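*Asks:* Quick one: structure below, then a few questions.
Bear in mind these aren't lab numbers, they're just calculated from the coordinates by the rules spelled out. All of these numbers come straight from a predicted model, not from anything done at the bench. For neighbour counting, all protein chains shown are included, and Cβ atoms are generated from backbone atoms with ideal geometry for every residue, glycine included.
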Amino acid sequence: MMKLLVTGATGQLGSLIVQHLLKKVPAEQIAVSVRNPQKAAHLKEAGVDVRHGDFTQPDTLKAAFQGIDRLLIISTADGDRVQQHMAAIQAAKVAGVSFIAYTSVVNARESQLVLAHDHAKTEEAIVASGIPHVFLRNNWYVENEKDMILAAVSGAPYLSPIGDGKVGWATRNDYAEAAANALTLSKHDKEKYELSGPLRTHTELARIVSEVSGKEIKVEQIDVDTFGEFIASNGVPKEAVPFVKAIQSGIRDGALAVESDDFENLLGRPLTPIKEKIREMISK
């Protein structure tokens, strides 16, 4: 029996991926590696094999990956990501894992995006491991824009520090389904999937928000420093502001403007229109 494992399965992306896997394969074929198994009690009840795995404790990963054939490494969100990912790759080698899928970022090894460095190092390490693999190079979740969208619908200007920079927004659920497909596909004809939705500017996104909400949304172009001051005064921790600013600068310079039909091909269907997700966001 082929055994699949998803790391970080109680996170926002991971939990959606497991939901999609449960529609595709029997629960007993699915394992998850989580930092806090108590948070995955609902998965255990559904018949999923819940294992303790902490990226900062490599020995737990070696134990969690035992008997696993196909592994999905969801990139971690905090701490020394490269070190954490290296621990997972090493644990996969020790456990005899035969396939790795990894959630990366668009154009990871050539991108100037501040996020890309850790993903590039991880991709290189997976290649060096010799384990067959695919890289799921995610663009941007439309859910990342939720706070700005809700504020704009309430009458605030839509602040944009990215100018004419384009983003391939798509729903987190589409990214999750694509990852579940990648993990269960027996054969891949490519090593990397550039998972981008249709490219849009903030102005084009605001037009969709306006259409869905029936309200006029005004986009206010600002520079990155002004944006940094705005988010710092609206609850973003001071130490996180330079990182957020660097991401916005990268987007402004075209780091997310990657066009590809890989996403639809991996899904086997058209992408969910982001209009639907925006409608859901503003109706809650």
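*Asks:* For the stretch 261-278, take each phi angle, set θ = phi - 60°, evaluate the Karplus expression 6.51 cos²θ - 1.76 cosθ + 1.60, and give the result in whole Hz per residue in order, putting x for glycine and proline.
*Replies:* 9, 4, 4, 5, 5, 6, 6, x, 6, x, 5, 5, x, 5, 4, 5, 5, 5
*Asks:* Scattering from the C-alpha atoms of the stretch 28-67 alone, worked out with Debye: what is log10 I(q)/I(0) at q = 0.23, 0.28 1/Å?
*Replies:* Reported log10 I(q)/I(0), two decimals: -0.68, -0.91.
*Asks:* Would you calculate a helix-derived [θ] at 222 nm for the chain, using -39,500 (n - 2.57) for each DSSP H run of n ≥ 4 and dividing by the full residue count, to the nearest 500?
*Replies:* Values: 12 runs with 124 residues, N = 284.
Rounded to the nearest 500, it is -13000 deg cm²/dmol.
*Asks:* Explain nothing, just compute: Karplus ³J(HN,Hα) = 6.51 cos²θ - 1.76 cosθ + 1.60, θ = phi - 60°, for every residue of the stretch 41-47 in order, whole Hz, x for Gly and Pro.
*Replies:* With the stated coefficients, the stretch 41-47 comes to 4, 5, 6, 4, 4, 7, x Hz.
*Asks:* Sticking with this one: Only Cα pairs within less than 10 Å get springs; with that Gaussian network setup on the chain, which residue of GLY197, GLY155, GLY250 has the largest fluctuation?
*Replies:* Sorting by GNM fluctuation, first place goes to GLY155.
*Asks:* Would you mind finding the longest exposed-site-free stretch of the chain, with exposed GluC sites (Glu not before Pro) meaning DSSP loop and at most 16 other Cβ atoms within 10 Å?
*Replies:* Values: sites that count: GLU110, GLU191, GLU216, GLU259.
By the stated rule (loop sites, at most 16 other Cβ atoms within 10 Å), 1-109.
*Asks:* Here is a follow-up. Go ahead and run the numbers for FRET between ALA151 and ARG207, Cβ-Cβ distance against an R0 of 22 Å, rounding to 0.05. Intermediate values should be presented prior to the final figure.
*Replies:* On the way: r = 17 Å, r/R0 = 0.76.
Computed FRET efficiency for ALA151 and ARG207: 0.85.
*Asks:* Here's something else I'd like to know. Do me a favour and compute the ellipsoid semi-axes for the chain from its Cα gyration tensor, root of five times each eigenvalue, largest one first, whole Å.
*Replies:* Numbers: eigenvalues 224, 82, 67 Å².
Three semi-axes, in Å: 33, 20, 18.
*Asks:* Only four residue types carry charge here, +1 at the Cβ of Lys and Arg and -1 at the Cβ of Asp and Glu. Report the dipole size of the stretch 134-282 about the Cα centre in Debye, rounded to the nearest 20.
*Replies:* Working: 18 positive and 24 negative charges, 45 e Å.
That gives a dipole near 220 debye.
*Asks:* Let's see if you can work this out: charge +1 on each Lys and Arg Cβ, -1 on each Asp and Glu Cβ, no other charges. What is the dipole magnitude of the chain about its Cα centre, in debye to the nearest 20?
*Replies:* Values: 32 positive and 36 negative charges, 148 e Å.
The dipole magnitude comes to about 700 debye.
*Asks:* What do you get when you divide the Cα radius of gyration of the stretch 103-176 by 2.2 N^0.38 Å, with N the number of residues? Numbers along the way, then the final one.
*Replies:* Working: Rg = 15.8 Å, N = 74, 2.2 N^0.38 = 11.3 Å.
For the stretch 103-176, the normalised Cα radius of gyration is 1.40.
*Asks:* Can you put HIS202, HIS117 in order of Cβ neighbours within 10 angstrom, beginning with the fewest?
*Replies:* Numbers: HIS202 24, HIS117 16.
Result, fewest neighbours first: HIS117, HIS202.
*Asks:* Same structure, new question: Between LYS218 and VAL94, what is the spin-label point distance in nm, taking each point 7 Å from the Cα along the Cα→C-beta axis?
*Replies:* Simple spin-label model gives 5.9 nm for this pair.
*Asks:* In debye, nearest 20, what is the charge dipole magnitude of the stretch 7-130 about its Cα centre with +1 on Lys and Arg Cβ and -1 on Asp and Glu Cβ, if you could check? Mind showing how you got there, number by number?
*Replies:* On the way: 12 positive and 12 negative charges, 46 e Å.
Charge dipole, the stretch 7-130, about its Cα centre: 220 debye, nearest 20.
*Asks:* Turning to a different aspect of this structure: List the residues, sorted by chain then number, that are 5 or more residues from VAL219 or on another chain and whose placed amide H is less than 5 Å from its amide H.
*Replies:* Close amide H contacts, sequence-distant or interchain: TYR158.
*Asks:* In this model, which of LYS93/LYS245; LYS39/LYS245; LYS3/LYS192; LYS190/LYS275; LYS39/LYS187 are farther than 26 Å apart at the alpha-carbon? Numbers along the way, then the final one.
*Replies:* Details: LYS93/LYS245 37 Å; LYS39/LYS245 33 Å; LYS3/LYS192 22 Å; LYS190/LYS275 30 Å; LYS39/LYS187 33 Å.
The pairs that break the limit, which is 26 Å between Cα atoms, are LYS93/LYS245; LYS39/LYS245; LYS190/LYS275; LYS39/LYS187.
*Asks:* Which of the chymotrypsin sites (Phe, Trp or Tyr not before Pro) across the stretch 221-284 are loop residues per DSSP, with 14 or fewer other Cβ within 10 Å? Kindly include the intermediate steps, with their values, before the conclusion.
*Replies:* Numbers: sites: PHE227, PHE230, PHE243, PHE263; in loops: none.
For chymotrypsin sites (Phe, Trp or Tyr not before Pro) across the stretch 221-284 that sit outside H, G, I, E and B with at most 14 neighbouring Cβ atoms in 10 Å, the list is empty.
*Asks:* Using the C-alpha gyration tensor of the stretch 1-144, what are the square roots of 5 times its eigenvalues, in whole angstrom, with the largest one first? Please report the intermediate quantities before stating the final value.
*Replies:* Details: eigenvalues 108, 59, 40 Å².
Ellipsoid half-lengths, sorted descending, are 23, 17, 14 Å.
*Asks:* Pick from ALA108, ALA41, ALA87: which residue has the top mean-square fluctuation in a GNM of the chain where Cα pairs under 10 Å get a spring?
*Replies:* Highest fluctuation of the listed residues: ALA41.
*Asks:* Kindly provide log₁₀ I(q)/I(0) values, in the same order as q = 0.08 Å⁻¹, from the Debye equation applied to equal alpha-carbon scatterers of the stretch 129-284.
*Replies:* -0.26
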